[in-house]
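Input: a single structure, listed below in structure tokens.
Read the figures in this text as sums done on the coordinates, not as results from a lab. Remember, it's a predicted structure, so these values are computed and weren't measured experimentally. Glycine gets a Cβ as well: all are built from the backbone with ideal geometry, and neighbour counts include every protein chain shown.
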Amino acid sequence: MMEWTDRHCRHFHRLLTRRTRLYTVMITSGALRHGDAARHLDFDAAEHPVALQLGGSEPDELAHAARLGERWGYDEINLNCGCPSERVQRGAFGACLMKEPRLVADCVAAMRDAVTIPVTVKHRIGVDEREDYGFVRDFVGTVADAGCEVFVVHARSAWLKGLSPKANREIPPLRHELVRQLKHDFPALTIVVNGGIAGDEAIAAHLREVDGVMVGRDAYHHPWHMVDWDRCFLGAAAGPAGSPEAIEATEAKASVEAAMVTYMARQAALGVAWPAIARHMLGLWHGEPGARRWRQVWSDHRLRDEPVERVARLAAAARLQAARREPAAATAADAASAAA
Ligand SMILES: Cc1cc2nc3c(=O)[nH]c(=O)nc-3n(C[C@H](O)[C@H](O)[C@H](O)COP(=O)(O)O)c2cc1C
């Protein structure tokens, strides 16, 4: 997710879940051809399994970008056919590519020829006035003929005129049933559903119908939700943060925070200021007493030149103090600010 799932965010998420597949932000094939590839592509081995998401519509350029992705060690190349932003439309890629399934097929074929890792596609269920099931069915069929075996489907149409990207994640209605229909019509393909999914029960229900679930905003805003996923859905004995039954959740959260502080101190030595990293973990204490005060400290840019260890001490003290004062009120205020 743009601005969100950078390598620091992925480092944080890996402290909560070892087995889920993480995705990079969308990186354009042009940026990799003309820009600093290492700056865009470097990641840490601990992030595996991790997919590189590419944006582009030029087969040769995408093949070059995919080759770089494989060389850098990514586990999957994913082509973005779902982004509705005006900038992306001007570049003639993202969601508008759904109107050109043969071009997407050419892009997939070129990338598949260039790499040995899987090439997958993320897309919507429709674009603008094309919202009938036949449109997305034919898109998937055409792209599958080029060898794509995995489709991640955001179960909303993209309305390309007049809606911001944010509104395009909220206003077009969710139609999960179309994704189930795709699985029914293409049983040999791996179909992953995305869009508006939150909570283990909802994930489990989708997994009875399709092959996978992608969770975006809920995972980012409520990262602790991920702590059960390795165990619940991915066959692990327990998540890396420990079984929630076995370890008091607050202790486990504190130990994840401590690991992030160590990481931020290491990154500071490399020139990365802690606010660029801490912003990804602001949901860690969500729902706990004192979480709002804790978040305020970690978001306080007046502290940006302070050593991260000191900020961590201030944040913990603020959280505990607020929790002691008004545990119930603090939790209610957190819920209200999260809902806002
Ligand atoms: C801040 C933000 C950035 C996003 N950037 C991307 C992106 O780069 N590539 C992509 O395929 N989807 C992107 N998305 C869309 C999400 O991947 C996802 O499809 C969408 O949010 C619906 O899923 P959710 O309801 O689980 O969040 C972004 C979403 C958000 C909130």
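Filter the trypsin sites (Lys or Arg not before Pro) in region 105-213 down to the DSSP loop ones having no more than 15 other Cβ atoms within 10 Å, then list what survives. Mind showing how you got there, number by number?
On the way: sites: ARG112, LYS122, ARG124, ARG130, ARG137, ARG156, LYS161, LYS166, ARG169, ARG175, ARG180, LYS183, ARG208; in loops: LYS161, LYS166, ARG175, ARG208.
Passing both the DSSP loop test and the Cβ count: LYS161, LYS166, ARG208.
Pairs of alpha-carbon atoms within less than 8 angstrom and 6+ residues apart define the contacts here; what relative contact order does the chain have, in percent? Numbers along the way, then the final one.
On the way: 563 pairs, mean separation 43.6, N = 340.
It comes to 13 percent, rounded to a whole number.
What is the distance, in nm, between label points placed 7 Å from the Cα along the Cα-to-Cβ direction at ASP44 and at ARG87?
2.7 nm
Given springs between every Cα pair under 10 Å in a Gaussian network model of the chain, which of CYS107, CYS83, CYS232 has the largest fluctuation?
CYS232
Rounded to the nearest 500, what is the 222 nm mean residue ellipticity of the chain from helices alone, with -39500 (n - 2.57) per DSSP H run of 4+ residues and division by all residues?
On the way: 16 runs with 157 residues, N = 340.
My calculation for the chain gives -13500 deg cm²/dmol from helical runs alone.
Amide H of MET26: which non-local residues (sequence gap of 5 or more, or other chain) have their own amide H closer than 5 Å, using H built in the peptide plane?
Correct list: MET2.
Taking 35 Å as R0, compute the FRET efficiency from the Cβ-Cβ separation of ARG71 and ASP211 and round it to 0.05. Before the final figure, lay out each step's value.
Values: r = 28 Å, r/R0 = 0.81.
Once rounded, the FRET efficiency stands at 0.80.
Run down the aspartates and glutamates and flag those whose C-alpha is under 14 Å from the C-alpha of LYS166, throwing out any fewer than 8 positions away in its chain.
The qualifying aspartates and glutamates are GLU3, GLU86.
When we measure straight from the Cα of LYS99, which lysines land under 16 angstrom away, once same-chain ones fewer than 8 places off are left out?
In chain and number order, the partners are LYS122, LYS161.
Test of understanding: in a Gaussian network model of the chain with alpha carbons linked when under 10 Å, which of PRO173, PRO101, PRO289 would top the mean-square fluctuation ranking?
The residue that fluctuates most here is PRO173.
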